[in-house]
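The values are calculated or read from the model by the stated rules, or taken from the named source; none is laboratory data. Because the structure is predicted, anything quoted here is derived from the model rather than measured. Cβ atoms come from the backbone with ideal geometry, glycine included; neighbour counts cover every protein chain shown. Heavy atoms of the whole protein, side chains included, go into the accessibility calculation; ligands, DNA and RNA do not. Shrake-Rupley method; radii C 1.70, N 1.55, O 1.52, S 1.80 Å.
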Amino acid sequence: QMRLVESGGGLVQAGGSLRLSCAASGWIFGFNAMGWYRQAPGKQRDLVALIDSSASANYADSVKGRFTISRDNAKNTVYLIMDSLKPDDTGVYYCYAEPVRASSPVWGQGTQVTVSS
């Protein structure tokens, strides 16, 4: 069964850093785009960053220059390094992946990131 397992969320003060990891398993064909979305309380789920299998990355304007996404294709794992965190970065961060040869993407269960002012 295909699944995504996230880790690395937590509570941090403004200006601090966190590193999120997401390991995909249960799929032998690999993944196209992988990335992260976040959902703040009372708001919709928005894109944070995506990276394709050739390591080309896209970021939301609000995180450019502060967040870095990377992936290890051999491990089917995607990472998000978050620096200079702001209270507005608070939310549940969901891992996202597009399995090769599958009809729909998959999502992780979410990990909470809280940035205090």
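Key figures
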{"quantity": "Count - residues of the stretch 68-92 that are of a type outside the set (Ser, Thr, Tyr), part of a strand (DSSP E or B) and either surrounded by 14 or more Cβ atoms within 10 Å (Cβ to Cβ) or modelled with pLDDT under 95 (or both)", "calculated": "8"}
{"quantity": "Verdict on GLN39 being open to solvent by 30 Å² or more (accessible area, probe 1.4 Å), within 22 Å of THR114 (Cα to Cα) and in contact with a Lys or Arg (Cβ under 6 Å, 6 or more places away or on another chain)", "calculated": "yes"}
{"quantity": "Lone unmet requirement of (1) surrounded by fewer than 17 Cβ atoms within 10 Å (Cβ to Cβ); (2) farther than 20 Å from ARG19 by Cβ; (3) touching a residue at least 12 places away in the same chain (Cβ under 8 Å) for SER103", "calculated": "(3)"}
{"quantity": "Residue in the stretch 97-107 that is among the acidic types (Asp, Glu) and outside any strand (DSSP E or B) present", "calculated": "no"}
{"quantity": "Residue within the stretch 55-74 that is touching a Lys or Arg at 6+ places or on another chain (Cβ under 8 Å) and polar (S, T, N, Q) present", "calculated": "no"}
{"quantity": "Cβ-Cβ under 6 Å pairs, at least 6 apart or on other chains, the stretch 1-22 side at positive phi, far side open to solvent by 70 Å² or more (accessible area, probe 1.4 Å)", "calculated": "GLY8/ARG19"}
{"quantity": "Leading residue by the ranking (most open to solvent (accessible area, probe 1.4 Å)) among those in the stretch 1-35 that are hydrophobic (A, V, I, L, M, F, W, C) and part of a loop (DSSP other than H, G, I, E, B)", "calculated": "ILE28"}
{"quantity": "Condition met for TYR37 (among the hydroxyl-bearing types (Ser, Thr, Tyr) and within 14 Å of GLY110 (Cα to Cα))", "calculated": "yes"}
{"quantity": "Every residue from the stretch 47-61 that is surrounded by 13 or more Cβ atoms within 10 Å (Cβ to Cβ) and of a type outside the set (Phe, Trp, Tyr)", "calculated": "LEU47, VAL48, ALA49, LEU50, ILE51, ASP52, SER53, ALA57, ASN58, ALA60"}
